[in-house]
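Below is one structure, written out as structure tokens; comments come after it.
The values are calculated or read from the model by the stated rules, or taken from the named source; none is laboratory data. None of the values given here were measured: they were computed from a predicted structure. All Cβ positions, even for glycine, are placed from backbone atoms using ideal geometry, and neighbour counts span all protein chains on display.
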2 protein chains.
Amino acid sequence: MNKYAIVVAGGKGLRMGADIPKQFLPLAGKPVLMHTLEAFYRYDSEMKIILVLPVSQQAFWKKLCLDHGFDVPHRIANGGESRYDSVKNGLALTEGEALVAIHDGVRPFLNTGLIARCFAKAAEKGSAIPVFELTESLRRIEGKVSFSEPRDAYRSVQTPQTFRLDILKKAYELPNCDRFTDDASIVEAAGFPIDLVEGLRENIKITTPLDLLLAEQIFKLKS
Amino acid sequence: MNKYAIVVAGGKGLRMGADIPKQFLPLAGKPVLMHTLEAFYRYDSEMKIILVLPVSQQAFWKKLCLDHGFDVPHRIANGGESRYDSVKNGLALTEGEALVAIHDGVRPFLNTGLIARCFAKAAEKGSAIPVFELTESLRRIEGKVSFSEPRDAYRSVQTPQTFRLDILKKAYELPNCDRFTDDASIVEAAGFPIDLVEGLRENIKITTPLDLLLAEQIFKLKS
């Protein structure tokens with residue numbers, strides 16, 4: 001079956017306080033996004049990688065690829081107004097019987113084991129969402145009051161969220177909605193079951209300067 | 001009103017894969033726990049600090065204090081079988097009209113602002129729990145299925161959790177229970193309202209080698 005990775009890198013990077021979007025910030029000498037794409041390429045050099053980038057960033061990305069001699073094959077789709085729109089633009093480049101992993105561009109530390117777990121489970125069940133146990137206590141907010149929740153009953157959700165393409169395309173026929181914080185919530189809203197796989201502790205999302213510092217440390221640990 | 005800090009350092013450190021418990025691991029040249037106690041001392045040098053330590057670690061701690069010339073005044077209570085027992089042992093050293101901040105020994109990055117917020121809110125309302133927004137999507141597990149949850153409706157819970165002493169003592173008359181993952185859950189179970197304050201992103205709990213690496217980076221950022 002065809003395998004796709006849709007890597008979503010719509011971030012404007014405003015939260016980083018940096019001039020360039022966070023997916024382009026250097027991590028161990030090259031942009032975060034290159035590490036991310038390389039992880040998929042290492043897993044399967046035949047898989048089709050679709051990078052979703054805002055139109056305004058595409059020329060900059062192409063220059064970065066030239067400067068770094070970056071040769072992981074990929075196609076580019078246009079980023080949309082929201083994450084939902086971006087994924088939809090990426091999906092427009094997919095076809096046939098396939099499995100699709102949708103991944104945050106700013107999570108460069110996914111590894112072959114995690115990607116393999118996701119594709120294997122999605123091939124069997126239709127969906128695979130990597131999750132991780134919560135390390136902190138949890139409270140639920142209801143108006144002005146809050147309640148202690150048993151954290152064992154919750155999981156923190158990572159990417160790559162992986163699905164059969166036909167399921168994903170049906171799910172993305174639903175109109176966008178505030179409740180859709182990830183692809184699993186969309187697929188679930190469309191009535192499909194969601195299967196979980198074990199995530200990876202270091203598969204962090206780089207969204208703050210502190211995360212980038214942590215990322216440098218993770219990179220050193222892995223090398 | 002009297003102010004207490006009960007710093008709970010019961011960890012055996014097994015998860016760190018290190019020989020010494022994680023509260024003693026060096027961070028920027030001195031044990032994690034010393035940073036933690038210093039934060040309370042910086043906030044108010046008159047407040048009473050109670051350190052809860054397993055009996056087996058107390059001689060080692062005293063030697064560390066001598067070696068480092070550590071002079072933050074504090075009393076030591078014996079660690080118990082569970083966190084609940086440890087806090088209870090710390091509470092046995094408190095008295096009078098007071099406010100009590102209960103804090104994880106392995107969270108060395110709390111600052112004066114956070115401690116001040118907690119004591120101010122607890123003085124006004126009886127309780128103050130520092131919380132932080134979730135950065136990842138959240139799923140709730142029910143048996144073999146799971147459900148997407150709106151992460152805006154949840155908060156990740158930190159310490160110092162701060163209470164009026166009379167409330168805390170009443171709450172700790174309840175017998176221990178699996179559902180008690182923090183002090184707020186105990187106080188809530190005893191029927192008292194819980195008030196929230198804004199936590200601090202860098203107020204992380206050091207529980208894995210990766211956390212310790214991140215901690216070194218946070219320390220550099222702050223210095």
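Return yes when B:Val106 is aliphatic (A, V, I, L, M), surrounded by 17 or more Cβ atoms within 10 Å (Cβ to Cβ) and within 14 Å of chain A (Cβ to nearest Cβ) and no when it is not. Don't jump to the end; show me each part of the working.
Working: aliphatic (A, V, I, L, M): yes; surrounded by 17 or more Cβ atoms within 10 Å (Cβ to Cβ): yes; within 14 Å of chain A (Cβ to nearest Cβ): yes.
Judged against the criteria, B:Val106 is a match.
Anything in region B:129-155 that is among the β-branched types (Val, Ile, Thr) and farther than 12 Å from A:Glu136 by Cβ? List them, or say none. Before you say what the answer is, go through the steps one by one.
To start, the set of residues in region B:129-155 that are among the β-branched types (Val, Ile, Thr) comprises B:129, B:131, B:135, B:141, B:145.
Selection gives B:Ile141, B:Val145.
Which of the residues belonging to region A:186-203 are facing chain B (nearest Cβ under 9 Å) and modelled with pLDDT under 95?
Within region A:186-203, A:Arg201, A:Glu202 qualify.
Could you list, in sequence order, the residues of region A:178-193 that are surrounded by fewer than 22 Cβ atoms within 10 Å (Cβ to Cβ), in contact (Cβ under 8 Å) with a residue 24 or more places away in the chain and closer than 15 Å to A:Ile102 by Cβ?
A:Phe192
Does at least one position in region A:98-107 carry a residue that is assigned to a loop (DSSP other than H, G, I, E, B), touching a strand residue (DSSP E or B) at 6+ places or on another chain (Cβ under 6 Å) and under 20 Å from A:Ile50 (Cβ atoms)?
Residues of region A:98-107 assigned to a loop (DSSP other than H, G, I, E, B): A:105-107.
Add one more test, that the residue is touching a strand residue (DSSP E or B) at 6+ places or on another chain (Cβ under 6 Å), and what stays is A:105.
Okay, now just the ones that are also under 20 Å from A:Ile50 (Cβ atoms), so A:105.
Looking through region A:98-107, at least one residue is assigned to a loop (DSSP other than H, G, I, E, B), touching a strand residue (DSSP E or B) at 6+ places or on another chain (Cβ under 6 Å) and under 20 Å from A:Ile50 (Cβ atoms).
Restricting to region B:36-75, name every residue that is among the β-branched types (Val, Ile, Thr) and in a loop (DSSP other than H, G, I, E, B).
The first filter runs over region B:36-75 and keeps only residues among the β-branched types (Val, Ile, Thr), leaving B:36, B:49-50, B:52, B:55, B:72.
The one that is among the β-branched types (Val, Ile, Thr) and in a loop (DSSP other than H, G, I, E, B): B:Val72.
Any idea which of (1) over 14 Å from B:Arg151 (Cα atoms); (2) outside any helix (DSSP H, G or I) is the one A:Phe180 doesn't satisfy?
(1)
In this structure, does A:Leu210 turn out to be surrounded by fewer than 18 Cβ atoms within 10 Å (Cβ to Cβ) and at the interface with another protein chain (Cβ under 9 Å from one of its Cβ atoms)? Before you say what the answer is, go through the steps one by one.
On the way: surrounded by fewer than 18 Cβ atoms within 10 Å (Cβ to Cβ): yes; at the interface with another protein chain (Cβ under 9 Å from one of its Cβ atoms): yes.
The answer is yes for A:Leu210.
Here are B:Leu91, B:Leu51, B:Leu64: which of them is out of contact with any Gly (no Cβ under 8 Å at 6 or more places or on another chain), more than 16 Å from B:Leu200 (Cβ to Cβ) and buried (at least 21 other Cβ atoms within 10 Å of the Cβ)?
Just a single option satisfies the conditions, and that option is B:Leu91.
Considering only region A:131-177, how many residues are in a helix (DSSP H, G or I), of a type outside the set (D, E, K, R) and within 7 Å of chain B (Cβ to nearest Cβ)?
Matching residues across region A:131-177 total 1.
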